[in-house]
Each structure stands twice: as C-alpha cells, then as structure tokens.
Amino acid sequence: MALSETHCAPRLVRAIRVGLPAAFVVAFGLAASGATAANQVADGSSSRDVMEQARGEIPWAKLSRQDQRLTQYVVRKASLFRRSPTHAFDCDPQVFNFLSQHPEVVVNVWNLMGVSKLSLTRHAEDRFHAEDGAGAEGALRVMHADYQPDSRNTVVVFADGQYQAGPMPEPIDAHCVLVLRSASRRESDGRDYVTARLDSFVRFEHVGTELIAKTLKPLLVKSADHNFTETMKFVSTFSRTAEQRPDGLLNLAQRLDKVDDKTREELAVLCRETAARHASVDPAAGPIRLARLQQPEEVAGR
C-alpha cells in the first residue's frame with residue numbers, strides 16, 4: 001500500500017536532515033534561545049538560474065577526479081536544489097571556524113543539554129557518521145575544505161543519507177553535495193560579522209521518492225531555511241558566551257564525552273583566547289539556552 005504524502009513528509013525531512021549536516025552540521029540542528037539576531041542579506045532560492053550558478057561555483061579543480069565524478073552524479077540530475085538565505089551575524093571568525101571544523105563538538109553540546117538525540121561520530125579527519133535515533137543515518141565526507149583566519153571559507157561535502165522505519169517497504173536513499181561559503185567583515189562598532197550561505201544538491205535514487213520530494217519541496221525548503229537561520233543565531237550566541245563568560249564554556253568543555261582530549265583542549269584554549277581578544281565582560285550576558293528547531297512532524301503538520 002502506497003504511503004501518503006503526510007506520512008512521507010517527515011521521513012523525507014529526516015533523511016535529508018541527517019545527510020546535510022556534514023557540510024556544516026551546525027546548519028541543521030538546534031538553535032539558541034535569545035541569540036543575537038542574524039540579519040538576512042540575500043534571499044534563498046531554488047531557481048534553475050541560481051542552481052546553474054551554484055554548479056559553476058563549485059571548486060571543481062580542487063576536487064580529485066573521483067570526487068568530481070561523484071559530485072557530477074548528484075548535481076547534474078539533482079532532485080532538489082536549495083541555496084539558503086545568506087545571513088550576517090555577530091561572531092568571532094575563529095569561533096566560527098572552530099565550530100565549522102568540529103561539528104562533533106556542537107552535537108555533543110546538544111546531547112549534554114538534552115535537546116537532541118542526534119549522534120555524530122568522527123572516524124577520520126574528513127569522515128563522519130550521523131544518526132538521529134529515529135531511523136535516519138548518513139555517511140559524511142569532506143571532499144574539500146579551505147579555512148581562512150577571516151572565515152573566508154569554502155567547504156564541499158558529499159553525504160549518503162538513508163531513512164528506514166515504520167511501515168516503509170524499503171529505505172529512502174539520498175545523495176547530497178553541499179557547499180558552504182562564508183566570509184567576515186569588521187563593522188564600525190569594532191564587531192566582527194560573519195556571513196554564511198549553504199548550497200544543497202540532493203539526488204534521490206528511487207523515482208517514487210523523487211516525485212514525492214518534488215511535491216513536498218516547499219515544506220523541505222521551509223524547514224531547511226528556518227533551521228539554518230536559527231542555527232546561525234546559536235553560533236552567534238556561542239561566540240558571545242566565549243567572549244563574555246568563558247568560564248561557563250570551559251566547564252562545558254570538560255563535560256564533553258564524545259570528543260577526543262585534543263579537541264576538548266583546543267576548545268578550552270579557544271574560549272580563553274576569545275575572551276582575551278575581546279577583553280570585556282557584559283554582566284547582562286546569560287548562559288547558552290538551547291531550544292528545539294522545527295521537527296519534521298511539526299513542519300508537516302502545518
């Protein structure tokens with residue numbers, strides 16, 4: 001018996017949501033409550049013209065021949081494409097770079113605070129495995145990463161995502177190519193602002209799934225854009241906390257139980273150095289508070 005679109009919607013969102021985090025797992029997770037606002041400087045788009053532009057902006061020459069073939073396989077016949085809204089948000093570039101390069105730290109923070117069951121395990125410098133605890137999992141590999149001190153970064157990720165649960169006769173398989181681009185600038189108030197944008201190409205292997213995904217495209221786009229925006233706010237708040245209340249993050253770093261000692265120590269050093277660079281304390285600043293982002297069932301029900 002065919003599954004209805006209502007039942008398929010949350011499953012597709014989960015399958016994509018677990019495949020996408022590789023490029024910047026922060027981009028599709030949970031958000032900070034009361035975070036510094038992220039100002040939208042460019043709208044998101046799924047248009048064919050923007051998709052063609054995004055294809056041309058992939059740093060093909062930086063990819064190995066094998067990775068070029070994998071990328072072409074996805075982007076030439078992508079079932080879905082989305083360029084996220086571009087946001088500018090108050091954030092220390094070094095904090096942004098650290099969180100981008102260590103997504104397992106972010107997920108471990110979520111786990112400790114009880115706001116997510118997502119797990120992300122680093123198997124090598126460029127490889128991760130993600131599971132959401134509800135039937136979705138993904139293998140993630142960073143094909144290219146160029147990080148600069150001013151956060152003028154380009155990251156390209158290939159992800160294989162799968163979802164299998166409930167009455168589904170077969171799993172939903174998806175391949176994703178994600179390109180994260182960022183930059184930073186210092187404003188007249190002396191604060192650094194990071195801009196970030198994510199291009200996502202998703203290819204489904206089954207025709208039936210692809211047709212449903214295209215039907216549900218507005219739902220998937222809304223969920224992805226919302227979560228990306230809210231997570232940028234989380235990154236901003238994390239950065240502010242490192243500046244103003246580093247002791248809280250130092251204590252949190254000691255509690256991280258799913259990252260190695262080297263990463264834990266690097267986070268502690270980052271907090272101290274960030275506080276020293278800004279050398280200011282805002283007594284009104286509070287601890288990081290995390291709130292859930294839209295879950296697939298909540299989005300589908302609207």
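The values are calculated or read from the model by the stated rules, or taken from the named source; none is laboratory data. Everything numeric in this text was worked out from a predicted model, so none of it was measured. Neighbour counts run over all protein chains shown; Cβ positions are idealised from the backbone, glycine included.
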Matching residues in the stretch 232-266 - criterion: being within 20 Å of Phe89 (Cβ to Cβ) and either under 21 Å from the mean Cα position of the chain (by Cα) or aliphatic (A, V, I, L, M) (or both): Met232, Lys233, Phe234, Val235, Ser236, Thr237, Phe238, Ser239, Arg240, Thr241, Ala242, Leu249
Tally, over the stretch 48-93, of residues that are part of a strand (DSSP E or B) and more than 30 Å from Leu270 (Cα to Cα): 4
Yes/no for Arg14 being at pLDDT 50 or above, closer than 16 Å to Asp160 by Cα, out of contact with any helix residue (DSSP H, G or I) (no Cβ under 9 Å at 6 or more places or on another chain) and among the charged types (D, E, K, R): no
Which listed residue, of Ala54, Ala139, Ala145, is among the small types (Gly, Ala, Ser), buried (at least 19 other Cβ atoms within 10 Å of the Cβ) and in contact with a strand residue (DSSP E or B) (Cβ under 9 Å, 6 or more places away or on another chain): Ala54
Residues of the stretch 132-154 classified as assigned to a loop (DSSP other than H, G, I, E, B), acidic (Asp, Glu) and within 16 Å of the chain's Cα centre (by Cα), total: 1
Residues within the stretch 205-242 that are at pLDDT 75 or above and more than 21 Å from Leu180 (Cα to Cα), tallied: 4
In the stretch 161-186, residue farthest from Leu70 (Cα to Cα) [restricted to those that are modelled with pLDDT of 90 or more and not hydrophobic (A, V, I, L, M, F, W, C)]: Arg186
Set His87, His129, His123: member being without any contact (Cβ under 8 Å) to a residue 24 or more places away in the chain and under 15 Å from the mean Cα position of the chain (by Cα): His129
In the stretch 106-120, the residues that are part of a loop (DSSP other than H, G, I, E, B) and closer than 17 Å to Thr241 by Cα: Met113
